[in-house]
1. Being part of a loop (DSSP other than H, G, I, E, B) and in contact with a strand residue (DSSP E or B) (Cβ under 7 Å, 6 or more places away or on another chain) is the filter here, so list the residues in region 84-94 that pass it.
2. Of the conditions (1) touching a strand residue (DSSP E or B) at 6+ places or on another chain (Cβ under 9 Å); (2) surrounded by fewer than 24 Cβ atoms within 10 Å (Cβ to Cβ); (3) in a helix (DSSP H, G or I); (4) of a type in the set (A, V, I, L, M, F, W, C), residue 144 satisfies every one except a single condition; which number is it?
3. Being at pLDDT 95 or above, surrounded by fewer than 18 Cβ atoms within 10 Å (Cβ to Cβ) and touching a Gly at 6+ places or on another chain (Cβ under 7 Å): is that true of residue 179 here?
4. Here are some residues: 78, 62, 39. Which one is farther than 24 Å from residue 222 by Cα and either surrounded by fewer than 24 Cβ atoms within 10 Å (Cβ to Cβ) or among the aromatic types (Phe, Trp, Tyr) (or both)?
5. Which pairs turn up if I take residues in region 170-184 that are within 14 Å of residue 224 (Cα to Cα) and free of Cβ contacts under 8 Å to residues at least 60 places away in the same chain and look for partners that are in a helix (DSSP H, G or I) and charged (D, E, K, R) with beta carbon separation below 8 Å, at least 6 apart in sequence or on another chain?
6. Could you tell me whether residue 71 is among the β-branched types (Val, Ile, Thr), in a loop (DSSP other than H, G, I, E, B) and surrounded by 15 or more Cβ atoms within 10 Å (Cβ to Cβ)?
7. Within region 79-103, take every residue that is at pLDDT 95 or above and on the phi > 0 side of the Ramachandran plot and give me the one that is farthest from the chain's Cα centre (by Cα).
8. For a quick check of your reading of the model, give me the residue pairs whose first member lies in region 101-129 and is surrounded by 13 or more Cβ atoms within 10 Å (Cβ to Cβ), whose second is basic (Lys, Arg) and not in a helix (DSSP H, G or I), with beta-carbon atoms closer than 6 Å and at least 6 apart or on different chains.
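The values are calculated or read from the model by the stated rules, or taken from the named source; none is laboratory data. Quick caveat, the model's predicted, so the values are computed rather than measured. With ideal geometry, Cβ positions are generated from the backbone for all residues, glycine too; neighbour counts draw on all protein chains shown.
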Amino acid sequence: MTSAFDPHRLLRDADAQTIFANLWRPRPGPPAVRARWELDDGDFLDVDRVAGPSPEAPVAVLCHGLEGSSTAPYVRGLSRALVSRGLAVVALNFRTCGGEPNRLARSYHSGETTDLDEMVRRLVVEQPKRPVLVAGFSLGGNVVTKWMGEHGDGLPTEVMGGAAISVPFDLAACQRRLDGPGRFMWIYRERFMRRLRRKAAAKALRFPGLFDAAAVARATTFGEYDQLFTAPVHGFASRDDYYARSSAGQFVGGIRRPFLAVSAADDPMVPAESLPVDAAAANPMVRLVVSPHGGHTAFVDGTPWRPGFWAERTVADFLAAAATGGRTATSAPPLTDEEALHG
């Protein structure tokens, strides 16, 4: 279905939306406490925890995008919106993304859902019957969607719903788009590739022979990187095998909790034709909202002097309602995003 998003009048272009949201949006988030969770495989996850208004407040688990972190502006923006609606937040840093290299040879990728599953199940054990919500952006949205779909009715009963923004539902289609021609495609691609090559080089020093380090150092496209690093390091036969098994679109039909996906038809990284429109329409638990405008993880609205972020407000409203069966998350009226920001 289409949305009621009305883009900022100076940012109707998809690339303008995407770049503005990444570079010039408010960055402060609610106060967070970092915790390190040790894992059974010998590795660790760093998470940022934001307290809710009470120990029993519903908690939302947030997953960032490619080469993001728990401190990414969009994560902080959604955290702020959720706290203003009476929820607590636990923001995950995928392995290698928390500011310190992880211990094992493996890293993270679009189809890796075991760490999210571990987080959610630990939260359930920590406080049974406390409502848990999940949300993700871009790569993190693919992880959230895939996780909810592959587990279906097997999720803990505490999981009340999920949401995702700008999901690359078809990884192969998104790879072709990102590796395609154009100035902005080169900018997006090279911004990510610089970071990925740097992390791969660090892995090669610690785990010599794991992959062809010299070839990865020369990689300039996502297709090359995924063939040379992502696939061999994470047990896939090839990049095509990785894309086929990890794309979230095929898991939409298995979702059994209320789920909202927000996408833009003009997303420069996610082709509109790759959105799982039919699968979402066939699943009463899924609401796929497609805006004509919005860019990638952007959806900037508001006035020239006070921009807003429509997708984050929409997702926060949806999760707050899912957590309480439509009731207000707290007995007190929720704060506006502006009040939450300035406290």
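1. Result: 87, single match.
2. (2)
3. Yes: the conditions hold for residue 179.
4. Just a single option satisfies the conditions, and that option is 39.
5. 179/189
6. Criteria met by residue 71.
7. Of everything passing the filter in region 79-103, 86 is farthest from the chain's Cα centre (by Cα).
8. 102/95; 107/95; 108/95
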